[in-house]
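In what follows, a single structure is set out as structure tokens and then discussed.
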């Protein structure tokens, strides 16, 4: 395998989730289709898909959130934390420096999917 092509998150309300990722997180909508919205991000595709359409796509309902984590690289985690707080988003963790060389914060989207913002920092020496 050479790379990840895309990540799709299944959501209950596509409209509510698009508003969150577009208006709160600042992602630009690139493609909209039947139960599908794709955002403009670098290096891969990030999309939302209406959970109600899953039986047509995969033959069943899929799992329930949270089933994983979506991580976005940002320039300034602390500034993003303040922006999120002002937008009414409750942080689950952070900002905190991690030993693997990132400063991170976590929060949940409207469906309970975990979202991480990460900023690259120098790794701690042991």
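Worth pointing out:
- When we screen 105, 91 for residues that are more than 13 Å from residue 25 (Cβ to Cβ) and surrounded by 14 or more Cβ atoms within 10 Å (Cβ to Cβ), the only hit is 91.
- Strands (runs of 3 or more DSSP E) wholly inside region 2-69 containing at least 3 residues that are exposed (fewer than 14 other Cβ atoms within 10 Å of the Cβ) and without any contact (Cβ under 8 Å) to a residue 40 or more places away in the chain: 28-33
- Where strands (runs of 3 or more DSSP E) fall wholly inside region 77-126, the ranges with 2 or more residues that are without any contact (Cβ under 8 Å) to a residue 40 or more places away in the chain and not assigned by TED's automatic domain parsing to the domain that holds residue 46 are 91-98, 102-108.
The values are calculated or read from the model by the stated rules, or taken from the named source; none is laboratory data. In this text, all values refer to a predicted model and were calculated from it rather than measured experimentally. Every residue, glycine as well, gets a Cβ built from its backbone with ideal geometry; the counts of neighbours run over all protein chains shown.
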